[in-house]
1. Take segment 133-151 and flag every residue that is in a loop (DSSP other than H, G, I, E, B) and either open to solvent by less than 60 Å² (accessible area, probe 1.4 Å) or of a type in the set (Lys, Arg) (or both).
2. Among the strands (runs of 3 or more DSSP E) lying completely within segment 225-297, list those that include at least 3 residues that are within 18 Å of Asp337 (Cβ to Cβ).
3. Is there a residue in segment 279-292 that is within 20 Å of the chain's Cα centre (by Cα), farther than 17 Å from Lys139 by Cβ, modelled with pLDDT of 95 or more and surrounded by fewer than 20 Cβ atoms within 10 Å (Cβ to Cβ)?
4. Inside segment 74-88, can you point out the residues that are in contact (Cβ under 8 Å) with a residue 24 or more places away in the chain and either surrounded by fewer than 18 Cβ atoms within 10 Å (Cβ to Cβ) or among the small types (Gly, Ala, Ser) (or both)?
5. So which residues in segment 89-115 are more than 15 Å from the chain's Cα centre (by Cα), of a type outside the set (Asp, Glu) and open to solvent by 10 Å² or more (accessible area, probe 1.4 Å), if there are any at all?
6. Of these, Ile241, Ile250, which one is within 21 Å of the chain's Cα centre (by Cα), of a type in the set (A, V, I, L, M) and open to solvent by less than 10 Å² (accessible area, probe 1.4 Å)?
7. Quick test of your reading of the structure: Gly217 fulfils all but one of (1) outside any helix (DSSP H, G or I); (2) open to solvent by less than 10 Å² (accessible area, probe 1.4 Å); (3) at pLDDT 95 or above. Name the failing condition by number.
8. Mind checking which residues of segment 185-199 are surrounded by fewer than 20 Cβ atoms within 10 Å (Cβ to Cβ) and in contact (Cβ under 8 Å) with a residue 24 or more places away in the chain?
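The values are calculated or read from the model by the stated rules, or taken from the named source; none is laboratory data. Since we're looking at a predicted model, the values are computed, not measured. Quick reminder, even Gly has a Cβ in these numbers, built from the backbone with ideal geometry, and neighbours come from all protein chains shown. Protein only, heavy atoms only, side chains kept; ligands, DNA and RNA dropped before computing areas. Shrake-Rupley method; radii C 1.70, N 1.55, O 1.52, S 1.80 Å.
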Amino acid sequence: MNVLILGADGYLGWPTALHFKARNHNVTVADNYLKRRMERSIGVTPLILPELLEVRAKQFDNMPCHIFDLSKEEGFKTLCNILEQDRINTIVHYAEQPSAPFSMRSRSAAIETQVNNIAGTLNLMFAVKKVNPDIHIIKLGTMGEYGTPNIDIEEGWLDITHKGREDKVLFPKRPGSFYHLSKVHDSHNLEFTCRIWGLRVTDHNQGIVYGVGTEEGPYDSDNRTSFHYDETFGTVLNRFIVQSLLGIPITVYGTGGQQRGFLDIRDTMKCVQIAAEVPAAPGEFKVRNQYTQKYCVMHIADCVVKAIGGKIEEVPNPRVEAEQHYYSPVNDSFILDGLTPHFLTAGLIQEMADAISPFLDRVRLQSIDPKTKWVL
C-alpha cells in the first residue's frame with residue numbers, strides 16, 4: 001500500500017507510520033503541529049516529547065514528510081498534490097485536535113477545535129473525490145461520539161422498527177464536549193460522501209488508549225511516542241500513574257462511576273492494520289468500535305494503587321456527565337478479523353511507571369488538577 005498518515009506527529013500517528021513501514025508499505029507522513037502550539041498556548045508540556053516530525057522522518061529512512069494545515073485552502077491543494085505524486089491508496093486520518101477539555105475551555109477554543117477538525121476532514125473528502133475516489137479513508141473517531149445511551153451501542157448502525165416499518169440508521173449520537181461533537185459532524189459528513197460520491201471510509205470509534213511503547217517503537221528507544229499527563233491532553237491512566245509516582249492524591253472526578261472503553265496502543269496499531277487490509281467497499285461507510293475492555297474510572301484508580309501504590313481522592317467533577325450509567329458497546333468486528341487483545345495488567349502499569357520515572361522532574365504540578373469546567 002501507499003499510505004498517508006495525517007497527524008503523524010501525534011501519540012498514535014508516529015507509531016502508526018512505523019507500523020506500516022515495518023510491513024514494507026510506502027509511508028508518507030504529514031502534520032501541522034497544531035497540538036504542540038495548543039500545548040504552548042496553555043503552558044503544558046508532555047512528560048515525553050519526541051523530536052519534531054520532520055526530524056524523525058528524516059532519521060527514519062528519509063520518510064516523505066509534509067508540514068501543512070489541512071483545514072486551509074492551501075492545505076487542500078497540498079493534499080491533492082501529495083495524493084497524486086505519491087499515488088496514495090490508503091489514508092489514516094488522525095489530524096484533529098484531540099482534547100475534550102481543551103474544546104471546553106472557552107468560545108475561541110471550541111471554535112478552533114471545530115474549524116480545524118471539521119474543515120480539515122471536509123478538505124480531505126474533497127481531495128479524495130478530486131484525485132481518486134477509490135482511496136480508502138481510515139478515520140479516527142471516538143467512542144465518545146455515542147455518549148452513554150441506555151441501550152447497547154452497536155457498531156455505527158442501528159436497525160429500527162417504527163410504526164411497523166423497518167430501516168437502518170446511524171446510531172444516535174450524544175457527545176459530551178465540543179471536541180466529541182466535531183467528531184460526530186465528521187462521521188455524518190463522511191457517511192454522506194460515501195452515499196453520494198461513492199467514497200470508501202472506515203470510521204474507528206476508538207476508546208481511551210494507554211501504553212508507552214509498540215513493537216516498532218519501544219518505550220526505551222528513540223522511536224518512543226509522547227506521554228501526556230495533564231488535565232487537558234493527558235488520559236486518565238497516565239494522570240493516575242504520575243500522581244501515584246509523585247506521592248500526591250490520585251484524583252478521581254466525582255464518584256468515579258463513569259464507564260469508558262479502553263485499549264492498548266499495540267491494539268490500536270493492529271486495528272488500523274486490519275482496517276487497511278479489510279477496507280470498506282466503494283460507497284460503504286464502515287464503522288468499527290475500537291476498544292477491548294471497559295472500565296469505570298474508579299476501577300482504573302484501584303488498579304494503579306494495587307500495582308504501584310497511592311491514595312485515591314474524590315474531587316468535584318468539572319464535567320457534565322453521568323457518573324452512574326449503563327454502558328455496553330459492541331466490539332465484534334476487530335475480534336472477528338483477527339485482533340488478539342492485550343489487556344490492562346498490573347505488570348503493564350508497572351512498565352508504564354518504569355518508562356516515565358526518569359522524566360518525573362519535568363512534571364508541572366499545576367497542570368494536573370482539573371481547571372477546565374464544562375459550565376463556565
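1. First, pick out the residues of segment 133-151 that are in a loop (DSSP other than H, G, I, E, B): 133-135, 146-151.
Once the filter is applied, which keeps residues that are in a loop (DSSP other than H, G, I, E, B) and either open to solvent by less than 60 Å² (accessible area, probe 1.4 Å) or of a type in the set (Lys, Arg) (or both), segment 133-151 yields Pro133, Ile135, Tyr146, Gly147, Thr148, Pro149.
2. Once the strands (runs of 3 or more DSSP E) in segment 225-297 are filtered for at least 3 residues that are within 18 Å of Asp337 (Cβ to Cβ), what remains is 259-264, 285-290.
3. Checked against the condition, which is being within 20 Å of the chain's Cα centre (by Cα), farther than 17 Å from Lys139 by Cβ, modelled with pLDDT of 95 or more and surrounded by fewer than 20 Cβ atoms within 10 Å (Cβ to Cβ), segment 279-292 yields no hits at all.
4. If we filter segment 74-88 for residues that are in contact (Cβ under 8 Å) with a residue 24 or more places away in the chain, which is where we start, we get 75-76, 79-80, 82-84, 86-88.
Passing the criteria: Gly75, Cys80, Glu84, Asp86, Arg87.
5. Answer for segment 89-115, where residues must be more than 15 Å from the chain's Cα centre (by Cα), of a type outside the set (Asp, Glu) and open to solvent by 10 Å² or more (accessible area, probe 1.4 Å): Asn89, Met104, Arg105, Ser106, Arg107, Ser108, Ala110, Ile111, Gln114, Val115.
6. Working: Ile250 fails: within 21 Å of the chain's Cα centre (by Cα).
Being within 21 Å of the chain's Cα centre (by Cα), of a type in the set (A, V, I, L, M) and open to solvent by less than 10 Å² (accessible area, probe 1.4 Å) holds for just one of Ile241, Ile250, which is Ile241.
7. Evaluating Gly217 over (1) outside any helix (DSSP H, G or I); (2) open to solvent by less than 10 Å² (accessible area, probe 1.4 Å); (3) at pLDDT 95 or above leaves (3) as the failure.
8. Initial filter on segment 185-199 (surrounded by fewer than 20 Cβ atoms within 10 Å (Cβ to Cβ)): 185, 188-189, 191-192, 195-198.
Matches in segment 185-199: His185, Asn189, Glu191, Arg195, Trp197, Gly198.
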